[in-house]
Amino acid sequence: MTSLFLSARFALDLATPLVAWRDFFAGVAFLADLGARFAFAGWRSGVACRRGELLALAWADVDFTSGVLQVSKSLEQTRKGGLRVKTPKSGESRELGVPDWALAVLKIHRAEQQRDRTLFGTAYACHDLIFCQPNGQYYSPDRLGARVVELMRKVGLKGV
């Protein structure tokens with residue numbers, strides 16, 4: 001999966017300066033450390049959605065044939081620490097075109113998610129979410145964002 005995303009997003013060859021290779025491999029390490037959150041990070045970079053909107057997406061929201069994504073809800077962290085699904089910030093749903101590379105990443109992610117479903121069996125929470133914890137539960141938007149920033153800093157990526 002990493003090679004699919006990276007090859008679609010970065011073109012490095014032997015003429016590339018050493019500094020660019022260092023940054024490239026730092027990015028590879030970052031994405032590998034993301035583990036199950038890799039598809040989320042890749043999608044966030046290529047699809048115009050807010051973090052909460054991505055975390056509320058269900059498989060039914062993606063049309064793989066037409067390459068259209070229906071964004072109609074968002075996940076938010078409440079002040080009491082809970083999670084709730086609400087309408088998007090704009091108050092309206094919208095349709096977005098999805099790049100071919102992002103659809104390819106999703107197909108691979110779906111197969112990996114199916115393995116999680118099998119491992120968890122009846123303990124798997126069937127919310128039909130695209131981006132969820134290995135047990136099928138919602139990710140906390142706040143915790144996921146903090147983890148991404150932590151991993152970026154850990155591998156030395158600037159601007160966070």
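List the number of the failed condition for residue 62; all other conditions in (1) modelled with pLDDT of 80 or more; (2) surrounded by 15 or more Cβ atoms within 10 Å (Cβ to Cβ); (3) closer than 13 Å to residue 141 by Cα; (4) not charged (D, E, K, R) hold.
(3)
I need a count of the residues in region 65-124 that are of a type in the set (Lys, Arg) and touching a strand residue (DSSP E or B) at 6+ places or on another chain (Cβ under 9 Å). Steps first, please.
Going through region 65-124, the residues of a type in the set (Lys, Arg) turn out to be 73, 79-80, 84, 86, 89, 94, 107, 110, 115, 117.
Next, from what is left, pick out any that are touching a strand residue (DSSP E or B) at 6+ places or on another chain (Cβ under 9 Å): 73, 84, 86, 89, 94.
Of the residues in region 65-124, 5 are of a type in the set (Lys, Arg) and touching a strand residue (DSSP E or B) at 6+ places or on another chain (Cβ under 9 Å).
List the residue pairs whose Cβ atoms are under 7 Å apart, where the first residue sits in region 63-86 and is in contact (Cβ under 8 Å) with a residue 40 or more places away in the chain and part of a strand (DSSP E or B), the second is surrounded by fewer than 16 Cβ atoms within 10 Å (Cβ to Cβ) and of a type in the set (Val, Ile, Thr), and the two are 6 or more positions apart or on different chains.
Partner pairs satisfying both residue conditions: 75/85.
What number of residues within region 103-120 satisfy the criterion of being within 19 Å of residue 61 (Cα to Cα) and not aliphatic (A, V, I, L, M)? If you could, list the steps in order and put the result at the bottom.
Going residue by residue through region 103-120, those that are within 19 Å of residue 61 (Cα to Cα) are 103-114.
Right, trim to not aliphatic (A, V, I, L, M) and you get 107, 109-110, 112-114.
Number of matching residues: 6.
Residues being of a type in the set (Gly, Ala, Ser), surrounded by 11 or more Cβ atoms within 10 Å (Cβ to Cβ) and free of Cβ contacts under 8 Å to residues at least 24 places away in the same chain: count how many of those fall in region 90-119. I'd like the intermediate steps shown before the answer.
Going residue by residue through region 90-119, those that are of a type in the set (Gly, Ala, Ser) are 90-91, 93, 97, 102, 104, 111.
Then keep just the ones that are surrounded by 11 or more Cβ atoms within 10 Å (Cβ to Cβ); that gives 90, 93, 97, 102, 104.
Okay, now just the ones that are also free of Cβ contacts under 8 Å to residues at least 24 places away in the same chain, so 90, 93.
Total satisfying the criteria: 2.
So which residues in region 96-129 are outside any helix (DSSP H, G or I), out of contact with any Gly (no Cβ under 8 Å at 6 or more places or on another chain) and at pLDDT 90 or above? Let's see the steps before the verdict.
So in region 96-129, the residues outside any helix (DSSP H, G or I) come out as 96-99, 124-129.
With the extra rule that they be out of contact with any Gly (no Cβ under 8 Å at 6 or more places or on another chain), the set shrinks to 96, 128.
Scanning region 96-129 gives a single hit, 128.
Considering only residues that are more than 15 Å from residue 56 (Cβ to Cβ) and in a helix (DSSP H, G or I), which ones fall in region 130-160? Before the answer, list the steps.
Step one: filter region 130-160 for residues more than 15 Å from residue 56 (Cβ to Cβ), giving 134-135, 143, 146-160.
Selection gives 143, 146, 147, 148, 149, 150, 151, 152, 153, 154.
Scan region 121-134 and report the pairs whose first residue is touching a residue at least 24 places away in the same chain (Cβ under 8 Å) and whose second residue is surrounded by 16 or more Cβ atoms within 10 Å (Cβ to Cβ) and β-branched (Val, Ile, Thr), with Cβ atoms within less than 9 Å and a gap of 6+ or a chain change.
That search, which allows pairs on different chains as well, returns 130/62.
Considering region 120-147 alone, what residues qualify as being surrounded by 11 or more Cβ atoms within 10 Å (Cβ to Cβ), of a type in the set (A, V, I, L, M) and more than 20 Å from residue 78 (Cα to Cα)?
125, 130
The values are calculated or read from the model by the stated rules, or taken from the named source; none is laboratory data. The model shown is predicted, which means the values in this text are computed figures rather than measured ones. Cβ atoms come from the backbone with ideal geometry, glycine included; neighbour counts cover every protein chain shown.
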